[in-house]
1. Which one is nearest to residue B:108 (Cα to Cα), of the residues in the stretch B:41-68 that are without any contact (Cβ under 8 Å) to a residue 24 or more places away in the chain and in a loop (DSSP other than H, G, I, E, B)?
2. Taking residue A:87 as meeting all but one of (1) in contact (Cβ under 8 Å) with a residue 40 or more places away in the chain; (2) on the phi < 0 side of the Ramachandran plot; (3) within 10 Å of chain B (Cβ to nearest Cβ), write down the number of the exception.
3. Name the single residue, out of those in the stretch B:120-130 being within 8 Å of chain A (Cβ to nearest Cβ) and in a loop (DSSP other than H, G, I, E, B), that is farthest from residue B:78 (Cα to Cα).
4. Which pairs have Cβ atoms under 7 Å, sit 6 or more apart or on different chains, and link a residue in the stretch B:71-83 that is under 12 Å from residue B:105 (Cα atoms) to one that is of a type in the set (Val, Ile, Thr)?
5. Here is a check on your reading of the model: is residue A:54 more than 16 Å from residue B:93 (Cα to Cα), more than 8 Å from chain B (Cβ to nearest Cβ), in contact with a helix residue (DSSP H, G or I) (Cβ under 6 Å, 6 or more places away or on another chain) and surrounded by 17 or more Cβ atoms within 10 Å (Cβ to Cβ)?
6. Of everything in the stretch A:96-112, what is within 12 Å of chain B (Cβ to nearest Cβ) and surrounded by fewer than 19 Cβ atoms within 10 Å (Cβ to Cβ)? Give them in sequence order.
7. Residue check, residue B:81 against (1) at pLDDT 95 or above; (2) buried (at least 20 other Cβ atoms within 10 Å of the Cβ), all met but one. Which one?
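The values are calculated or read from the model by the stated rules, or taken from the named source; none is laboratory data. All figures in this text were calculated on a predicted structure; none of them were measured in a lab. Cβ sites come from the backbone with ideal geometry, for glycine too, and all protein chains shown count toward neighbours.
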2 protein chains.
Amino acid sequence: MTDGVPGPAAGIASAGVASWLEQPAWDERGLIAAVAQEAGSGRVLMVAWMNREALAETVRTGFATYWSRSRQRLWRKGEESGHRQQVQLLQLDCDGDALVLQVVQVGGIACHTGRHSCFFRNLQAGEWVVGEPVLRDPAALYPSRATPPV
Amino acid sequence: MTDGVPGPAAGIASAGVASWLEQPAWDERGLIAAVAQEAGSGRVLMVAWMNREALAETVRTGFATYWSRSRQRLWRKGEESGHRQQVQLLQLDCDGDALVLQVVQVGGIACHTGRHSCFFRNLQAGEWVVGEPVLRDPAALYPSRATPPV
């Protein structure tokens with residue numbers, strides 16, 4: 001929903017900005033939710049956020065760039081782990097406040113825990129139960145860090 | 001990311017609340033992003049939001065209930081159109097701020113525009129291009145309304 005959130009002022013702020021980049025209903029933080037779905041398997045790998053710059057870079061490079069809310073900077077997915085996401089298709093929803101990215105997940109690991117998908121916990125009988133294995137030790141994914149990112 | 005958002009105080013506020021309901025990292029609005037994915041086809045149908053009450057009702061009834069940010073009330077998906085979503089599985093992501101619902105979409109139409117999925121616009125050559133047909137006239141989905149909901 002746009003919820004009356006103003007976009008950039010027509011004219012100055014939009015000068016030179018591609019019209020497709022203004023069609024998403026950027027929220028009051030300038031963000032849109034982005035769902036990365038694995039092409040082929042259809043598996044939902046992760047949900048993250050994009051701002052205009054992240055979306056523009058994603059389209060320009062063909063690889064997923066998000067906006068990290070915790071780090072308050074562009075997050076080039078796989079910049080440390082190498083597990084980039086090659087984007088095959090971008091889809092916008094009816095009210096413009098969410099994107100789906102159809103991606104090829106390099107390395108087959110989207111999650112910082114070393115699992116294929118970030119959605120590895122299933123609700124079963126009143127508990128969130130881990131339903132898929134760690135494919136690679138997170139310490140090996142982020143060798144430059146004392147502790148893996150969260 | 002939890003981003004340090006405090007949960008309810010342990011003890012009093014959590015008394016009687018199921019622990020699985022406290023494990024999502026509810027944001028400062030008390031919400032979590034929820035992705036509805038069609039079981040079988042794997043198609044991402046929509047992205048919406050849930051609060052604790054919506055998630056609890058979803059689990060209790062087996063049908064998707066969301067929180068409508070625009071209407072500021074519980075939104076029992078399909079309450080007007082009949083296009084309910086029967087939930088087969090709920091999945092929580094690594095940092096607890098997003099859910100995936102594996103659903104059976106009653107009527108095969110998730111979108112208020114009468115399309116199968118809300119993600120019907122594809123970015124092609126710098127334009128968002130409608131990529132799937134209207135299966136049912138929205139006016140027929142919401143007969144009690146002068147104009148269909150947005």
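1. B:41
2. (1)
3. Applying the first criterion (within 8 Å of chain A (Cβ to nearest Cβ)) to the stretch B:120-130 yields B:120-123, B:126-128.
Applying the additional criterion that residues be in a loop (DSSP other than H, G, I, E, B) yields B:120, B:126.
On the way: B:120: 19, B:126: 34 Å.
That would be B:126.
4. The qualifying pairs are B:77/B:65; B:78/B:106; B:82/B:106; B:83/B:106; B:83/B:109.
5. no
6. Result: A:96, single match.
7. (1)
The rows are residues; the columns are (1) within 30 Å of residue A:26 (Cα to Cα); (2) assigned to a loop (DSSP other than H, G, I, E, B); (3) not aliphatic (A, V, I, L, M).
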site: A:70; (1), (2), (3): yes, yes, yes
site: A:75; (1), (2), (3): yes, no, yes
site: A:86; (1), (2), (3): yes, no, yes
site: A:91; (1), (2), (3): yes, no, yes
site: A:94; (1), (2), (3): yes, yes, yes
site: A:100; (1), (2), (3): yes, no, no
site: A:112; (1), (2), (3): yes, yes, yes
site: A:116; (1), (2), (3): yes, yes, yes
site: A:140; (1), (2), (3): no, no, no
